[in-house]
Amino acid sequence: MLAKYEFLKILRKKSTLAVMTVSLILTGFLFGLPVMQYQTYNQDGVIKGAEGIAYEKRQYAKLSVSLSDEYVAETIQEVQGLFKNPDNIGNDGNEQFLIGDAYWNKIAPREKLLNLIANTYSNPKDIRGYNDLPDLDIEDGASFYKTMKGKVKTLLNDPSRGLSDKQKEYWGNMADQVDTPLQYGYYGGWEIIISSFELLMFALFAICIVIAPVFSGEYQAGTDAVILSAKYGKTKLITAKTAASLLFGTAAFILHIIVACAPVLIAFGTDGFDLPLQIANTAIPYPFTFLQAVLINIGIIYFVLLAVIGLTLLLSAKMKSPYLVLIILVPILFIPMFLAPNGTAGIYNLTLFLLPYRSAMPEFGKYISYQFGGLVLDALTVRAVLYGFLTIIMLPLAGLGFRRHQVS
Amino acid sequence: MELQLQNLRKQYGRKCAVNNVSADLVPGVYGLLGANGAGKTTLMRMICGVLKPTSGSIRFNGKTMEQLGEKYYARLGYMPQDFGFYPEFTAREFMLYMAAVKGLGKRRAKKRTEALLEMVNLSDAADKKIKTYSGGMKQRLGIAQAELNSPSILILDEPTAGLDPKERVRFRNLISDFAREKIVILSTHIVSDVSSIADTILMMKQGSFLLQEPMSTVTDSIRGKVWEFFVDERAAEKCCREFSVVNLRHENGMVRLRVIEQAAPTKNAKTAEPGLEDLFMFHFGGENQEQGVKEYVGKI
Ligand SMILES: Nc1ncnc2c1ncn2[C@@H]1O[C@H](COP(=O)(O)OP(=O)(O)O)[C@@H](O)[C@H]1O
Ligand SMILES: [Mg+2]
């Protein structure tokens, strides 16, 4: 009953509607940019927008295959064959590449797949392309999955990652769970969603703007005295306000997720939802499909949201006005945006990857893990636990802050 | 039913806003009189549990506020000084919201809301947004919300502030309607607000109770010490410095002075019937002269 009132109180503020509208439009725009700006090429030039997407998907139709060792070997041999004909080859003095029909007909339609294969065979430090495939010796078969495992191992052993034996074991075990052979196919929409997650920070901030007055708005309006001296003012009302804030936050979050993902998935299709992440990068250890990966990361961002709501309520209970709440929240949410990691090891980087903004980025391929004694947890788990824990701490503290508020 | 204030104190840094206030309050109307800054609001906030005393305790029927928790607040109605509303709410919505916070059931909330809006004469404006209300309408809504839960303790902090004289009379009637069987504490710095409805006068100065007296005997201490006499303007100035002047009025080129002194200040001075105003002016004349005299003159 009280929670309903508090929820309606949030909803009927004009600022709520305004802030949510702006934030939904912004989120839709930011996630929609890749759709609007989409372009691909063929021999005849640029193909833009929906037409480009349709063209690309037609190219991929032939690539919905299982990447068996035999298929990979054949593919590599085909490319090697193309390089055997001097007419196909161009040279910029630095490296060789294919030109003309050889490129446009045989490479361009599946360049991403060829790059994926080339990178699986490459040294960790190098980024490779299809034109490195001729150097590969595949007399005895492709050994693609053996190479893939070996590459993960090499990456884990790279001293710059500073991984302990336990952590290497943890990631190694996880990578072993990846189902092989990998099923390839089109995953354009999911790729865009996964690389755009941090844009949801604006949605989180918008939700905070709406929640900020839940307690401090009472102080500002001067209603604190009547409310705190009423029967449920220091008890059920606090629960109601908290519940209303969480309810609003959840509803607004779902709405933003829909506005963010729907246009992308409508434009690019949901193709690839059941394909493994490894077809984007074989070094990824997480045995998830694209849909699973997206849902898991949305779940983590939701936990971040809950903690940020908790913090907003705590500040709201302690500050005299909603503006002060936002003044403190802005740097917490947005300063991490300007801090770039310089690796994946060390206190600085490991902290950075847990801050709200970075926590929105899944970083599936970076082997970010945290060790507590003998326990190793990956960044996704630590984020979920950390933000869940913060939520559980902040909400009661916020209530206490309001209960103890001194009217003066 | 008894509300006990025991050695209540509230310290703000070096300033003692309320200093060692004790009182045993039983049902009746208490007029809490004091100049601005006397500590009335601070005292009331502590009674209403929205401000923690530096020391001392508040007990209701022997139990402290902390022991009673919700049970205490359930029996409390509070109209704070300078409080606010949700500007986008209508009066009816605000009342229903407050009723919910006060734990009234849905049906009772509706009934009390309608009855009280009627009593404070806001029924016609009940569906207008509060931001369109005048100061007087807001005050009436303020007292209506305080009364929603039919409280046993009703705390009204300067409920007549900002009202015009006519509204003020209506308000007094309203308060005496609500006051039955309750402990009502009504603060004001305007004597006429309480002189007709208070059973007991609590006079507060610099954080302490100066006196706690039943209305019927409150002026006994100055009986026979209130004098009135005429002087010319020049002499009036001198008298103001020499005596405690509680009122001064120009009449036909002369000045009528009302003073409180043990003995007759001049030969032609006559004793006058003492009033609450005299007592108030006697205690607060120095600090509240201008406003007090104006009020008093306004009344005559
Ligand atoms: N929050 C506060 N901080 C410091 N001093 C305060 C505060 N609130 C009240 N005071 C001081 O306490 C004294 C009593 O104030 P108040 O209770 O509002 O008096 P009244 O209601 O009788 O006008 C005043 O001198 C005021 O300046
Ligand atoms: Mg006051």
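The values are calculated or read from the model by the stated rules, or taken from the named source; none is laboratory data. Quantities reported herein were computed from a predicted structural model and do not represent experimental measurements. Heads up, the Cβs are rebuilt from the backbone with ideal geometry, glycines too, and the neighbour counts pull from every protein chain shown. Protein only, heavy atoms only, side chains kept; ligands, DNA and RNA dropped before computing areas. Shrake-Rupley method; radii C 1.70, N 1.55, O 1.52, S 1.80 Å.
Choose one answer from A:L397, A:L339, A:L277: the residue with the largest mean-square fluctuation in a GNM of chain A with alpha-carbon springs under 10 Å.
Evaluated over chain A, the most mobile residue of the options is A:L339.
What are the aspartates and glutamates whose alpha-carbon lies under 17 Å from the alpha-carbon of B:K110, with same-chain residues fewer than 8 places away excluded?
Within the straight-line limit of under 17 Å, B:K110 reaches these aspartates and glutamates: B:E93, B:E118, B:D124, B:D127, B:E147.
Let me know the mean shielding of B:44-50 by other chains, meaning the per-residue number of their Cβ atoms within 10 Å of its Cβ.
That average works out to 5.
Normalised by the residues of the stretch B:169-284, what does the relative contact order come to in percent, with Cα pairs under 8 Å and at least six apart?
24 percent
For the protein assembly as shown, what is the accessible area per residue in Å², given a 1.4 Å probe and the full set of protein chains?
Using a 1.4 Å probe on heavy atoms only, each residue of the protein assembly as shown averages 45 Å².
Which one, B:S221, B:S196, B:S57, has the greatest fluctuation when you compute a Gaussian network model over chain B with C-alpha springs under 10 angstrom?
B:S221
Report, in whole Å, the centroid distance computed from the Cα atoms of the stretch A:256-304 and the stretch A:50-103.
Using only Cα atoms, the two centres lie 27 Å from each other.
Give me the inter-chain shielding for A:235-248: mean count of other chain Cβ atoms within 10 Å, whole number please.
1
Please build a GNM for chain B, connecting alpha carbons under 10 Å apart, and tell me which residue among B:E277, B:E213, B:E242 fluctuates the most.
With Cα springs under 10 Å in chain B, the top fluctuation among B:E277, B:E213, B:E242 is at B:E242.
Using helices alone, what [θ] at 222 nm do you get for chain B, with -39,500 (n - 2.57) per DSSP H run of 4 or more residues, divided over all residues and rounded to the nearest 500?
-11000 deg cm²/dmol
Compute the long axis of helix B:233-242 from its Cα atoms, compare it with the longest principal axis of the Cα atoms of chain B, and write down the angle in degrees, 0 to 90, nearest 10.
Compared with the principal axis, the helix lies near 70 degrees.
Given points 7 Å out from each Cα along the Cα-Cβ axis, report the A:Q77 to A:L30 separation in nanometres with one decimal.
4.9 nm
For B:R45, what charge total do you get from the other residues with a beta carbon under 11 Å from its beta carbon, if Lys and Arg give +1 and Asp and Glu give -1?
Net charge around B:R45: +1.
For the stretch B:39-89, just say rounded, prolate or oblate: build the C-alpha gyration tensor, square-root its eigenvalues into a ≥ b ≥ c, call rounded for a/c under 1.5, and beyond that prolate if a/b exceeds b/c, oblate if not.
oblate
Residue by residue through the stretch A:244-249, what is 3J(HN,Hα) from phi via Karplus (6.51 cos²θ - 1.76 cosθ + 1.60, θ = phi - 60°)? Round to whole Hz and write x for glycine and proline.
4, 5, 5, 5, 4, x
Under 15 Å from the Cβ of A:A61, count the other residues' Cβ atoms, weight Lys and Arg +1, Asp and Glu -1, and hand me the total.
Local net charge: +3.
Carbon and sulfur together cover what percent of the accessible area of chain B at a 1.4 Å probe radius?
47 percent
Straight distance only, please: which lysines reach the Cα of A:K112 with their own Cα at less than 17 Å, same-chain residues fewer than 8 apart left out?
Qualifying lysines at Cα under 17 Å: A:K57, A:K62.
Angle between the Cα long axis of helix A:165-176 and the longest principal axis of chain A, 0 to 90 degrees, nearest 10?
Computed tilt is about 70 degrees.
So what are the ³J(HN,Hα) numbers for the stretch B:252-265, from phi and the Karplus equation (6.51, -1.76, 1.60; θ = phi - 60°), rounded to whole Hz, Gly and Pro as x?
6, x, 9, 10, 8, 10, 10, 10, 10, 8, 4, 10, 4, x
Taking H placed 1.01 Å from N in the peptide plane, check which residues at least 5 places from B:L25 or on another chain put their amide H under 5 Å from its amide H.
Distant-sequence amide H within range of B:L25: B:L3, B:Q4, B:L5.
Over all alpha-carbon pairs of the protein assembly as shown, lay out the pair-distance distribution in 10 Å bins, whole %, shortest bin first.
Percent of Cα pairs in each bin: 3, 12, 17, 16, 12, 10, 9, 8, 6, 4, 3, 1, 0, 0.
Which parts of the stretch A:199-234, residue by residue, lose 50 Å² or more of accessible area when the rest of the protein chains are there, as against the chain isolated (1.4 Å probe)?
Going by heavy-atom accessible area, the residues of the stretch A:199-234 that drop by at least 50 Å² are A:V226, A:S229, A:K231, A:Y232, A:K234.
Give, as a single signed number, the net charge of other residues whose beta carbon lies under 12 Å from the beta carbon of A:I227, with Lys and Arg counted +1 and Asp and Glu -1.
Charge balance in the 12 Å sphere: +4.
Using the structure shown, list the pairs from B:K111/B:K166; A:K106/A:K366; A:K320/B:K52 with a Cα-Cα distance above 22 Å, or answer none.
B:K111/B:K166; A:K106/A:K366
When the accessible area of chain A is split by element with a 1.4 Å probe, what percent falls to carbon and sulfur?
61 percent
How many lysine pairs are close in the stretch A:135-242, with Cα atoms under 24 Å apart and the two 8 or more places apart or on different chains?
Lysine pairs satisfying the spacing and distance rule in the stretch A:135-242 number 9.
What's the longest bit of chain A with no exposed trypsin sites (Lys or Arg not before Pro), using DSSP loop states and at most 14 other Cβ atoms within 10 Å as the test?
My reading of the result: A:126-319 is the longest stretch.
Per DSSP H run of at least 4 residues, take -39500 (n - 2.57); add these up for chain A, divide by its residues and hand me the 222 nm value, nearest 500 deg cm²/dmol.
The helix-only estimate for chain A comes to -19500 deg cm²/dmol at 222 nm.
Could you name the aspartates and glutamates in cross-link range of B:K63, using Cα to Cα under 15 Å and dropping any fewer than eight places away on the same chain?
B:E2, B:D24
Sort chain B into rounded, prolate or oblate with this rule: let a ≥ b ≥ c be the square roots of the eigenvalues of the Cα gyration tensor; rounded if a/c is under 1.5, and if a/c is not under 1.5, prolate when a/b is larger than b/c, oblate otherwise.
It is prolate, given that a/c is not under 1.5 and a/b is the larger ratio.
From the phi angles alone, apply the Karplus equation (6.51, -1.76, 1.60; θ = phi - 60°) to the stretch B:206-214 and give each ³J(HN,Hα) in whole Hz, x where the residue is Gly or Pro.
Computed from phi, the couplings for the stretch B:206-214 are 6, x, 10, 6, 7, 7, 10, 9, x Hz.
Provide the buried accessible surface between chains B and A in square angstrom, both chains summed, 1.4 Å probe, rounded to the nearest 100.
2600 Å²
Taking the square root of 5 times each eigenvalue of the Cα gyration tensor, what semi-axes in Å does the equivalent ellipsoid of the stretch A:20-145 have, largest first?
Output for the stretch A:20-145: semi-axes of 33, 18, 15 Å.
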